[in-house]
There are 2 protein chains.
Amino acid sequence: MDPALPHSPQGTAEPTEELLPLEVEEFSDGRLRKGAETAERILNAAEELFAENGYAGTTLRDIAKRAEIRNPSIYNHFDGKENLYLAVLERGLRPMWELFQQLAIRANQGDELDLHVVDGLMDLLAEHPNLPNLMQHETLSGGDRLHARLAEWVQPMFNAAAGIVSHSPSKRWSDEQTTLLVLALYNMIAGYFTMAPMYKLISGENLLEEEMRNKQRHLLHDIIRLLFSEENTK
Amino acid sequence: MDPALPHSPQGTAEPTEELLPLEVEEFSDGRLRKGAETAERILNAAEELFAENGYAGTTLRDIAKRAEIRNPSIYNHFDGKENLYLAVLERGLRPMWELFQQLAIRANQGDELDLHVVDGLMDLLAEHPNLPNLMQHETLSGGDRLHARLAEWVQPMFNAAAGIVSHSPSKRWSDEQTTLLVLALYNMIAGYFTMAPMYKLISGENLLEEEMRNKQRHLLHDIIRLLFSEENTK
DNA sequence: CATAAAAATGAACAAGCGCTAGTTTACTTG
DNA sequence: CAAGTAAACTAGCGCTTGTTCATTTTTATG
């Protein structure tokens with residue numbers, strides 16, 4: 001494993017590192033090994049339950065039931081609840097991590113990206129609706145369970161996002177504001193998905209359905225355009 | 001108690017109802033009765049712990065320890081964990097509920113309010129930093145524990161906020177967009193506080209300190225001004 | 001097809017949970 | 001200050017939790 005690395009807050013500007021070597025256990029014909037298949041079922045079940053109920057609110061027996069196994073079998077694939085949780089988090093964060101790495105590269109090449117970032121994020125989160133909730137649970141607990149890994153996982157994404165925003169044509173935002181702006185935009189975008197269950201209770205409408213998502217995408221475009229227009233310079 | 005009220009989504013536009021009769025148990029000289037004082041200590045401890053660790057992640061023994069009593073004593077003041085949680089939620093939501101009620105009245109009188117709303121919310125949340133986290137935990141769990149009370153508590157605030165936004169001078173936003181805009185603005189504002197612990201891990205800076213809060217307030221003012229300027233009409 | 005490894009299982013353990021009962025202490029009030 | 005009530009305590013019950021272990025069943029391989 002990692003040698004110590006006690007939340008060192010040195011943030012490399014370019015996220016070019018690897019997240020983890022992702023080993024695929026499968027036959028030459030692409031069929032998964034039996035063990036790897038149930039490991040995946042466990043991860044899927046755990047992701048859904050952790051996202052909805054958090055770490056403490058999720059039982060290994062609940063996870064096992066959803067994965068259609070008896071709960072000691074989990075220990076054939078993961079070394080305890082905490083490690084399973086970390087595995088879920090890592091697998092969940094990977095697509096977001098990759099998206100930001102990719103967007104950051106294009107931002108350094110001078111492409112205008114703000115709208116692409118929004119679209120990319122909306123698509124990604126729509127495909128992985130558990131991701132914002134997992135992140136939010138971690139955020140609320142102060143990242144206690146991530147702590148060491150947090151720097152290497154979240155920090156590069158944040159830096160990439162800040163880089164993208166600071167490359168925008170608008171000269172409106174100072175460097176100081178850029179940081180807070182990234183936070184605000186993230187909360188606005190991810191919060192949409194996080195809010196979905198409660199919004200459904202209040203209004204009856206399902207934010208996760210495509211029609212609503214398109215309205216949200218439209219709104220975000222309008223907002224981004226207003227925030228990053230070249231005209232006004234404060 | 002309430003007669004059924006199974007999440008009826010009829011939202012009265014003006015939040016003029018009462019939240020709950022708030023009974024104060026104190027002597028004529030203002031001193032709290034012994035019992036009422038420990039009840040308050042329990043509520044304070046529970047609020048902090050529920051906000052950080054959620055419902056499942058908080059034990060009555062933890063709460064008792066922080067309130068400096070033994071855990072069965074909690075039952076002299078609250079009828080079980082669930083009811084304590086609801087009491088925490090209600091006491092926590094009250095100031096926000098009152099703020100929105102007050103702002104909604106002024107909005108109906110035609111005052112321009114958008115910036116005042118932001119300032120009011122920032123001040124309120126700075127004073128009650130546990131509130132956004134409590135709400136967020138409830139949001140993530142799908143409001144399961146609130147469910148029935150949710151309509152009467154959250155719905156009026158949401159409607160008040162939507163009313164305020166739709167009274168803004170800008171003709172830019174359609175009614176449909178107004179709803180999503182309220183959500184986005186709420187997430188932006190409340191998310192700032194929710195993110196504080198993780199942001200501190202990443203950057204070392206404390207978002208809850210006044211200096212940072214003022215920068216955030218400034219940023220929010222800029223954003224609101226851009227979103228609700230009279231000029232541009234899309 | 002035999003064999004070893006991998007995976008799944010039932011049974012059960014210690015620890016911790018919400019909660020109750022019974023009793024003692026502290027407070028309030030006539 | 002005495003009596004009654006409210007509030008705090010100790011002890012512990014029934015249950016669930018994460019985890020272990022010995023065993024059986026399944027899967028992969030020479």
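Considering only residues that are closer than 17 Å to B:L140 by Cβ and either touching a residue at least 40 places away in the same chain (Cβ under 8 Å) or of a type in the set (G, A, S) (or both), which ones fall in region A:54-70? The answer is A:G54, A:Y55, A:A56, A:G57. Selection of region A:153-180 for residues being charged (D, E, K, R) and either within 11 Å of another protein chain (Cβ to nearest Cβ) or free of Cβ contacts under 8 Å to residues at least 12 places away in the same chain (or both) yields A:R172, A:D175, A:E176. Filtering region A:128-145 to residues that are open to solvent by less than 10 Å² (accessible area, probe 1.4 Å) and touching a Phe, Trp or Tyr at 6+ places or on another chain (Cβ under 7 Å) leaves A:P132, A:L134.
If you go through region B:207-222 and pick out every residue that is in a helix (DSSP H, G or I) and surrounded by fewer than 21 Cβ atoms within 10 Å (Cβ to Cβ), you end up with 10.
When you check A:L226 against the structure, is it at the interface with chain B (Cβ under 7 Å from one of its Cβ atoms), farther than 30 Å from B:A151 by Cα, touching a helix residue (DSSP H, G or I) at 6+ places or on another chain (Cβ under 7 Å) and open to solvent by 10 Å² or more (accessible area, probe 1.4 Å), yes or no?
Details: at the interface with chain B (Cβ under 7 Å from one of its Cβ atoms): yes; farther than 30 Å from B:A151 by Cα: yes; touching a helix residue (DSSP H, G or I) at 6+ places or on another chain (Cβ under 7 Å): yes; open to solvent by 10 Å² or more (accessible area, probe 1.4 Å): yes.
Yes: the conditions hold for A:L226.
Regarding A:L183, is this residue modelled with pLDDT of 95 or more, more than 8 Å from chain B (Cβ to nearest Cβ) and open to solvent by less than 20 Å² (accessible area, probe 1.4 Å)? In short, no.
Looking across region B:56-93, the residues that are touching a helix residue (DSSP H, G or I) at 6+ places or on another chain (Cβ under 7 Å) and within 7 Å of DNA strand C (Cβ to nearest atom) come down to B:T58, B:L60, B:R61, B:D62, B:N71, B:K81.
Yes or no: A:G204 over 17 Å from A:V165 (Cα atoms), within 10 Å of chain B (Cβ to nearest Cβ) and either out of contact with any Leu (no Cβ under 9 Å at 6 or more places or on another chain) or surrounded by fewer than 20 Cβ atoms within 10 Å (Cβ to Cβ) (or both)? Reasoning before the result, please.
Numbers: over 17 Å from A:V165 (Cα atoms): yes; within 10 Å of chain B (Cβ to nearest Cβ): yes; either out of contact with any Leu (no Cβ under 9 Å at 6 or more places or on another chain) or surrounded by fewer than 20 Cβ atoms within 10 Å (Cβ to Cβ) (or both): yes.
For A:G204, the condition - over 17 Å from A:V165 (Cα atoms), within 10 Å of chain B (Cβ to nearest Cβ) and either out of contact with any Leu (no Cβ under 9 Å at 6 or more places or on another chain) or surrounded by fewer than 20 Cβ atoms within 10 Å (Cβ to Cβ) (or both) - is met.
The helices (runs of 4 or more DSSP H) falling completely within region A:35-127 that include 3 or more residues that are open to solvent by 70 Å² or more (accessible area, probe 1.4 Å) and in the same structural domain as A:P197 (by TED's automatic domain parsing) map to A:81-108, A:114-127.
The values are calculated or read from the model by the stated rules, or taken from the named source; none is laboratory data. Keep in mind that this is a model prediction, so the values were computed, not measured. Cβ coordinates were reconstructed from backbone atoms using ideal geometry, including for glycine residues, and neighbour counts include every protein chain displayed. Side chains are part of the model used for accessible areas, which takes the heavy atoms of the whole protein and leaves out ligands, DNA and RNA. Shrake-Rupley method; radii C 1.70, N 1.55, O 1.52, S 1.80 Å.
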